[in-house]
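Read through the structure below, which is laid out as structure tokens, and then see the notes.
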Amino acid sequence: MSEKIAIAIVHGVGTTQPDFADEMIAELGKRFTDETGVPAAESLAFQPVYWGPILQVPEDVLWERMKAGGELDFTSLRRFIVSFAADALAYQPLPGENSAYDRIHAECARSLKQLAAAAGPAAPLVVIAHSLGTVISSNFFYDHAKPATGLHGPLTLAAIGGVPSALEKGETLTSLITMGSPIALWSLRFTNFGKPITVPAPALAAARPALAAAGGWENYYDPDDVIGYPLKELNDAYRVAILRDVAVNVGSLLTSWNPLSHTGYWTDNNVTKPVAARLADIWRRTNA
């Protein structure tokens, strides 16, 4: 029996349903099977990281109160902007409180625990993240690598548990796929635009160099997406950390040419085809 690849899928801003990853999972699975001849169900373990409800209720209350304050034009666009800004602001860490940052990271930890149970505690980990989910993923693994900083709050520590597996600790992180990422904007909080996480994880690179060679951090962005940006040129550290920035045209005829392209990455061939090929390469190297 082959070793499975563990794949966590992290959504971004906006009103998100529990099945947000279903179409991408189906498409990646089909492409993987077509390329390898191996059933995806036997080789890939998918785990959506559904953090949206943590912020959705207060955000809905905020929106209703703002609408009650007076007439608003461009309500659809305004609702999207409010969703992005509210999520990003609410996600800011607050020392000493059970902040949204800690609650969201606790959900990430619980999801990785489920994924480790499904794929195996040392399975190669691939993270596919969209929008604010790219910031969440980056922060979560950065905190994992720097436990002495105390950035993990009590809720996250409780979700991680006493003896986390290698997968849960991020030690098997092989590949990070970011789509429509605002990390470039988030980096304004730091001197010289901050420091990226290392992908593949150093522990994986040391233990399984051939597998690590199939991994890396790929960043997909649509030039029409005003939230997603290239990352490689942020600074010297990002230039090394990012395998490649990939400019793509995603979305439908109605959205591919404007900022609404931000929602179009999930099942676009320009994303799913190369991502499935990367999963196939990782699986082959894992089971060589």
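The values are calculated or read from the model by the stated rules, or taken from the named source; none is laboratory data. No experiment lies behind these values; they were computed from the predicted model shown. Glycine also receives a Cβ, built like all others from the backbone with ideal geometry; neighbour counts cover every protein chain displayed. Ligands, DNA and RNA are stripped out before the accessible areas are found, and what is left, the full protein with its side chains, is counted by its heavy atoms. Shrake-Rupley method; radii C 1.70, N 1.55, O 1.52, S 1.80 Å.
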## Note on the structure
By residue number, the members of region 207-234 that are over 19 Å from Ser131 (Cα atoms) and surrounded by 15 or more Cβ atoms within 10 Å (Cβ to Cβ) are Arg208, Leu211, Ala212, Ala214, Gly215
#### Entry: Scan of region 182-206 for residues that are open to solvent by 80 Å² or more (accessible area, probe 1.4 Å) and without any contact (Cβ under 8 Å) to a residue 24 or more places away in the chain, ordered by number
Leu188, Arg189, Phe190, Thr191, Pro202, Ala206
### Query
If you scan region 4-47, which residues turn out to be part of a strand (DSSP E or B) and either open to solvent by 70 Å² or more (accessible area, probe 1.4 Å) or out of contact with any Lys or Arg (no Cβ under 6 Å at 6 or more places or on another chain) (or both)?
Ile5, Ala6, Ile7, Ala8, Ile9, Val10, Leu44, Phe46, Gln47
### Failed criterion for His262 (all others in (1) modelled with pLDDT under 95; (2) part of a loop (DSSP other than H, G, I, E, B) hold)
(2)
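Quick grid of which residues meet (1) of a type in the set (Phe, Trp, Tyr); (2) modelled with pLDDT of 95 or more; (3) out of contact with any Phe, Trp or Tyr (no Cβ under 8 Å at 6 or more places or on another chain):
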position: Pro209; (1), (2), (3): no, yes, yes
position: Tyr220; (1), (2), (3): yes, yes, no
position: Asp224; (1), (2), (3): no, no, no
position: Tyr238; (1), (2), (3): yes, yes, no
position: Leu243; (1), (2), (3): no, yes, no
position: Val246; (1), (2), (3): no, yes, no
position: Leu253; (1), (2), (3): no, no, yes
position: Ser256; (1), (2), (3): no, no, yes
position: Asp268; (1), (2), (3): no, yes, yes
### Query
In the list Ala241, Ala237, which residue meets the criterion of being open to solvent by 40 Å² or more (accessible area, probe 1.4 Å), of a type in the set (Gly, Ala, Ser) and in contact (Cβ under 8 Å) with a residue 24 or more places away in the chain?
Ala237
### Query
Which members of region 170-190 meet the condition of being within 18 Å of Lys4 (Cβ to Cβ) and of a type outside the set (Val, Ile, Thr)?
Gly170, Glu171, Leu173, Ser175
